[in-house]
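Following: one structure in C-alpha cells, then a few remarks.
The values are calculated or read from the model by the stated rules, or taken from the named source; none is laboratory data. All of these numbers come straight from a predicted model, not from anything done at the bench. Counting neighbours? That spans all protein chains shown, and the Cβs are built from the backbone with ideal geometry, glycine included. SASA here: full protein model, heavy atoms, side chains in, ligands and nucleic acids out. Shrake-Rupley method; radii C 1.70, N 1.55, O 1.52, S 1.80 Å.
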2 protein chains.
Amino acid sequence: MTKLDQPDRLRFSLFTSFCPGGPPGALWNHPQAVGFDYLKLDDWVTLSQKLEQAKFDAIFWADHIGVYDTYQKSWATSVREAVQFPIADPLLLTAALAGSTRELGFTFSANIIQDHPYTFARKLTTLDHLTGGRIGWNIVTAFQRSAWRNMGHDDVGEHKLRYERAEEFVTVLYKLLEGSWEDDAVIRDLERRVYADPKKVHDINHEGKYYRVPGIHQNEPSPQRVPVLFQAGTSEDGRQFATRNAEAIFFWPQNVQGARAVVDNMTARLNSSGRSPGDMHYFVHTNFVVGSTEAEARRKDEEALEYLSSETNLAFMSGTMGADLAEIELDSPVGDFDTNAVQGVAKALAEAAPDKSWTFREVVVALTRNRIVGGPESIADQLTEWRDAGVTGVNVGSITGAWDINDFADYVAPVLQERGLMQKEYAAGTLREKMFAGTASASGPRLNERHPAASFRQHR
Amino acid sequence: MTKLDQPDRLRFSLFTSFCPGGPPGALWNHPQAVGFDYLKLDDWVTLSQKLEQAKFDAIFWADHIGVYDTYQKSWATSVREAVQFPIADPLLLTAALAGSTRELGFTFSANIIQDHPYTFARKLTTLDHLTGGRIGWNIVTAFQRSAWRNMGHDDVGEHKLRYERAEEFVTVLYKLLEGSWEDDAVIRDLERRVYADPKKVHDINHEGKYYRVPGIHQNEPSPQRVPVLFQAGTSEDGRQFATRNAEAIFFWPQNVQGARAVVDNMTARLNSSGRSPGDMHYFVHTNFVVGSTEAEARRKDEEALEYLSSETNLAFMSGTMGADLAEIELDSPVGDFDTNAVQGVAKALAEAAPDKSWTFREVVVALTRNRIVGGPESIADQLTEWRDAGVTGVNVGSITGAWDINDFADYVAPVLQERGLMQKEYAAGTLREKMFAGTASASGPRLNERHPAASFRQHR
C-alpha cells in the first residue's frame with residue numbers, strides 16, 4: 001500500500017444543486033451566496049478548481065425534475081423563495097466543467113423517469129469519456145408528483161413500483177454498458193479499415209415490464225463503463241436496492257449511533273447478498289458552518305439566522321415528506337397536541353422537538369438547519385467519531401451556500417489532512433479507483449466481479 | 001447598418017458528428033483524420049477555437065440515436081467501418097465546449113423521440129444559459145427503425161405521423177420556453193427574499209395527442225429562450241414543418257438551379273404563411289476538398305480516394321434511403337437494368353449515373369462523395385454563384401475528416417472575407433442576433449413576432 005492509499009480516510013463531496021443558493025435550505029440571499037451566480041459557468045469553474053485544490057473527492061449535485069408544490073397545495077412558495085428551484089440540468093454542467101479540472105469527481109442525481117435507459121446509457125458513456133472516467137450517478141426514483149405528471153404520468157408511482165422500475169432501469173443500463181461491447185471490440189485498424197469487430201458487439205435483446213431495448217449500445221466503452229453508483233436514503237426498498245446496486249450511499253443519521261446502526265445493517269445485508277462489506281461507502285450528509293476558530297463559526301451561524309425563511313423550509317419539507325405542513329397549526333407549541341391523534345408527519349415533528357414548548361414551525365426550521373458548527377479542531381474531532389462508527393465519506397452541505405466552501409477548504413481541510421481524515425493527494429485513475437484505493441474492494445476502473453452488472457459481461 | 005452587418009454575406013457552419021471521422025463518408029482512416037480523437041475533449045477545444053479564429057458562425061453536429069442496419073440487414077458494416085458510429089451525445093459536447101470559446105455558435109441535431117419535451121426544454125435552457133445564448137437546434141424526426149425500436153416502439157413512425165408528433169413536440173417547447181415565465185418574473189430581491197414572482201410564472205396545461213405537460217418550466221428564461229431552429233431536408237412534410245417553425249434549413253441541392261428552386265419555393269410558402277422570406281436562412285450542405293492552390297486541392301482529392309470504402313457508403317446510403325442496396329447487382333452497369341422495372345432507390349441511382357456504363361457501386365460512391373474541389377479563388381467563385389441564387393449559408397463538410405478544416409480556415413476563409421462572402425468579425429449578441437444581424441428579420445435574441453412561438457408569450 002502506498003502512502004496515498006488511506007482506506008480509513010473519509011471521502012469528501014460537496015453537496016449542492018444547480019440552482020440559486022445551491023442546496024435546499026441554503027440561503028441564496030446570504031452575502032456569502034450572493035457573489036455566486038449559478039447560471040455563470042465561470043463561477044462553477046472557480047468553485048470546482050477550489051475543490052480540487054482542497055483535494056475533495058467530488059462535487060455532488062442533488063437534482064429533481066419537478067417543483068415542490070405540496071405546501072399550501074401550490075408551487076408559489078418554491079418559485080418565490082427559490083426552493084431548490086429553478087433548477088438546471090447537472091449532467092450538462094458536469095460536461096461543462098470536464099475540461100477545467102483533472103482529478104475532481106462529478107456526481108449527480110438523475111431519476112429513472114427523466115430519460116429512457118437507452119439514451120441515458122449514451123449520456124453516461126459520453127460523460128465518462130469526456131471526464132476521463134470521473135463520474136458518479138446517484139440513482140433516484142423521483143418522489144415528486146409534479147415530476148411524474150409533467151412526464152405524462154397520471155401521478156407519482158407507488159414506492160415499491162418505483163424501485164421495481166429502477167431495478168429494471170439499471171439492468172438495461174448494465175446490459176448496454178457492460179454487456180454490449182466486449183473489451184477488445186474496438187480495434188481502430190487503419191490499414192484494414194476496421195474500427196470495431198462486429199463479432200464482439202452484441203444486441204442486448206432486453207424485454208421487460210417497463211422497457212424493451214433490442215439493440216446494441218451506441219458507444220464504445222468508457223473508462224469506468226458504469227459510473228460509480230450512489231443511492232440516497234434508508235427506506236427498506238432503498239436499502240434492498242442499494243444492497244444490490246450501490247457502491248455508496250448518502251444518508252442523514254441523527255447521531256453517531258444512528259450512523260453505526262445503518263452501517264451495521266448494510267454490512268449484514270451485503271454479507272448475505274454475495275457482495276463484500278467493503279464494496280459500499282457511507283457518506284453522511286451534514287451541513288457545516290465553519291470558521292478559523294470556534295468563535296468565528298458561532299458568529300457566522302448567528303448571522304446566518306437573519307437570512308432564514310421558515311417558509312422555504314416548510315415548502316421543502318412538505319415536498320420531501322409528502323404532506324402539506326400548512327394543514328398543521330404551525331405556530332402552536334407541539335405540546336398542545338395529543339400526538340397520538342396527530343397523523344404521520346406532524347407526529348414525527350412533535351417527537352423531534354427537544355421541548356414541548358417549541359412550535360411546529362420552530363421544529364421544522366431546526367430540522368432543516370441540522371448542522372455542525374465549529375472550528376477546524378472540533379470539526380475534526382466530530383468527523384473522527386463518525387469515521388470510527390463506520391462512516392467512510394462526508395457529503396458537505398452548507399446553509400450559507402455551497403460557495404462558502406472556501407472556509408472549509410482553507411481552514412478545515414488542512415487539519416483533516418494532518419489527522420489522516422482527508423486525502424492529501426489524489427490516487428491515480430478514475431473516480432472508482434480513487435474512492436476504493438487501498439481497500440480490499442479495489443477493482444480497477446470497473447465494477448468488481450461481485451456486482452450484478454458483472455454478470456452481463458461477455459466472455460467469448 | 002454598421003460595418004459588421006453584412007446581410008448578404010454567407011454564414012458558415014462546420015458539418016460534423018460526435019463520432020470517429022466526423023461526418024458520414026468522412027475517412028477516419030485518412031492521415032488528416034487520424035490525429036483527431038473524437039473522444040478527446042482537448043481535440044474538440046482546439047477545433048472549435050480554430051473555427052472561432054476563422055470566424056465560422058457555428059459548429060454543427062449531425063446526430064442520430066440508432067445504427068445504420070439496413071444494408072445486408074445488419075449493423076455489421078456500420079460497426080466495422082464506423083459509419084457515423086459509435087456516436088456520442090452532442091448536447092454534452094456542446095456543454096463541454098461552452099467555456100473555451102466566446103462567439104462560436106453550437107448547433108446540434110436532436111430528434112423528437114430521444115427525450116420528452118418537458119426534460120428536453122430543460123436541457124435547451126440549461127445549454128442556452130451555459131453558452132450565453134449560442135445554441136441552435138436541428139429538429140429531427142428520427143428516420144431509423146433501430147432508433148425507434150430501442151426507445152421501445154414497435155417500428156419507425158410513419159413519415160406524416162412523425163411530423164405530426166414533431167409539431168406537437170415543438171408546441172410543448174414553445175409553451176414552456178416562451179409561455180411559462182414572463183420577462184420580468186425573475187426579481188432576485190435580496191431584501192424581501194423574493195427570487196421570482198409566482199404571478200408571472202404559468203402552468204402550461206398542455207394536453208395533446210402525444211404529450212401531457214400540466215406544469216411550469218423548471219428554468220428561468222435564457223438569453224434566446226428558444227434556440228435558433230434548423231430543419232434539414234426538403235420533403236413536402238419537411239417543407240411544411242420548416243415553413244412554420246424553422247429559421248434555417250440545411251439542404252443538398254444538386255446544383256445552383258436546384259438551390260434557387262428550393263429558395264423560391266420556400267419564399268412563396270413563407271409569404272403565404274404570415275412569416276417573412278427573410279426569416280429563413282438557407283444552408284447548402286457541401287463537402288469541400290481545398291488546398292492553397294487548385295493543384296494541391298486536386299492532389300488531396302486523389303489521395304483521399306485511396307482511403308475510401310464503398311461499403312461505408314453503401315451502409316450509409318442504405319440506411320438513409322431506407323432500402324437495402326445489397327439487393328441490387330451492385331457491380332453491374334446501371335445500363336444493364338430496365339430502369340422502369342427497378343424500384344425506387346435503384347431507379348434513382350440509375351438515373352443519377354452520368355453514363356450507363358457506371359456500376360451501381362460507382363454511382364453510390366460518387367453521390368456520397370459529392371464535393372467541391374478547389375483552391376481559394378475557385379471556391380469563392382462557386383460560393384458567389386450559390387449566394388446569388390439565394391443561398392445564405394454553407395454547411396462545410398469534409399470527406400477527409402472535419403479536422404481538415406485547417407486548410408479551409410487558413411487558405412479559403414481569408415479570400416472569402418476579402419470578397420464579402422464571410423464575416424470578418426462577429427456581430428454582438430446571441431447566435432440568433434449574429435445570424436440575422438443587419439437583416440430586416442433581426443429581432444434581438446428571441447424569435448420574432450411572426451413566429452408561432454410568439455403566440456404563447458404572456459402579456460398580463
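Across the range B:11-456, Cα pairs under 8 Å and at least six residues apart give a relative contact order of 22 percent. Over the range B:94-149, accessible surface divided per residue gives 17 Å², non-protein components excluded, 1.4 Å probe. How far is it, in nm, from the label point at A:GLN49 to the one at B:LYS40 when both lie 7 Å from their Cα along the line to the Cβ? Between A:GLN49 and B:LYS40, the simple spin-label model gives 2.3 nm. In this simple spin-label approximation, B:LEU367 and B:ASP264 carry label points 7 Å from Cα along the Cα→Cβ vector, and these lie 2.5 nm apart. The mean of 1/r over all distinct Cα pairs in the range A:11-456, once inverted, gives the Kirkwood hydrodynamic radius of 22.9 Å. Among the residues of B:110-119, the average count of other protein chain beta-carbon atoms within 10 Å of the residue beta-carbon is 4. Ignoring ligands, DNA and RNA, what percent of the accessible area of the range A:11-456 is carbon or sulfur (1.4 Å)? Carbon and sulfur atoms account for 47 percent of the accessible area of the range A:11-456. Summary for B:LYS73: label point 7 Å along Cα→Cβ; distances to the equivalent points in the other copies, ascending, 5.9 nm. Given H placed 1.01 Å from N in the peptide plane, which residues other than close sequence neighbours of A:VAL396 have an amide H under 5 Å from its amide H? When sequence neighbours closer than 5 places are left aside, the close amide H contacts are A:SER13, A:LEU14, A:PHE15. From the alpha carbon centroid of the range B:192-227 to that of the range B:51-66 is 29 Å. With just the Cα atoms defining each centre, how far is the range B:282-305 from the range A:136-170? Give it in Å. That distance is 52 Å. Taking all protein chains into account, the per residue accessible area for the range B:332-408 stands at 39 Å² (1.4 Å probe). The HN-Hα couplings worked out from phi for the range B:62-73 by the Karplus form 6.51 cos²θ - 1.76 cosθ + 1.60 (θ = phi - 60°) are 5, 8, 7, 10, x, 8, 6, 10, 7, 5, 6, 6 Hz, whole numbers, x standing for Gly and Pro.
Count Lys and Arg as plus one, Asp and Glu as minus one, and take only other residues whose Cβ is under 9 Å from that of B:TYR71; the net charge is then -2.
Treating each Cα of the range B:389-460 as an identical point scatterer and summing with the Debye formula, the log10 of I(q)/I(0) at q = 0.25, 0.28 Å⁻¹ comes to -1.21, -1.28. The amide H of B:THR359, built 1.01 Å from its N in the peptide plane, has B:VAL334 as neighbours under 5 Å, considering only residues 5 or more places off or on other chains. Note on the range B:389-429 and the range A:69-90: Cα centroid distance 46 Å, given to the nearest whole angstrom. Each other copy holds its own label point for A:LYS347; taking that point as 7 Å from Cα along Cα to Cβ, the gaps run 7.6 nm, nearest first. Rounded to the nearest 500, the 222 nm mean residue ellipticity of chain B from helices alone is -10500 deg cm²/dmol, with -39,500 (n - 2.57) taken per DSSP H run of at least 4 residues.
Between copies, A:ASN265 shows label-point distances of 6.6 nm, shortest first, with the point placed 7 angstrom from Cα along Cα to C-beta. Applying Stokes-Einstein at 25 °C and 0.890 mPa s to the Kirkwood radius of the protein assembly as shown, computed over alpha-carbon pairs, gives a translational diffusion coefficient of 84 µm² s⁻¹.
Electrostatic bookkeeping for B:THR46 treats Lys and Arg as +1 and Asp and Glu as -1; over the other residues with beta carbon under 13 Å from its beta carbon, the sum is -2. A 1.4 Å probe, protein heavy atoms only, puts the accessible area of A:TRP181 near 0 Å². Hydrophobic, long helices, defined as DSSP H runs whose alpha-carbon span along the helix axis is 24 Å or greater and whose mean Kyte-Doolittle value is at least -1.0, occur in chain B at B:256-273. Taking a Cβ cut-off of under 9 Å around A:TRP28, the surrounding Lys, Arg, Asp and Glu residues balance to a net charge of +1, with basic ones at +1 and acidic ones at -1. Copy A relates to copy B by a rotation, and the A residue whose beta-carbon is nearest that axis, with the distance in whole angstrom, is A:ALA95, 2. With a threshold of 30 Å on the Cα-Cα distance, the over-threshold entries among A:LYS424/B:LYS50; B:LYS209/B:LYS347; A:LYS160/B:LYS175; A:LYS123/A:LYS434; A:LYS73/A:LYS300 are A:LYS424/B:LYS50; B:LYS209/B:LYS347; A:LYS160/B:LYS175; A:LYS73/A:LYS300.
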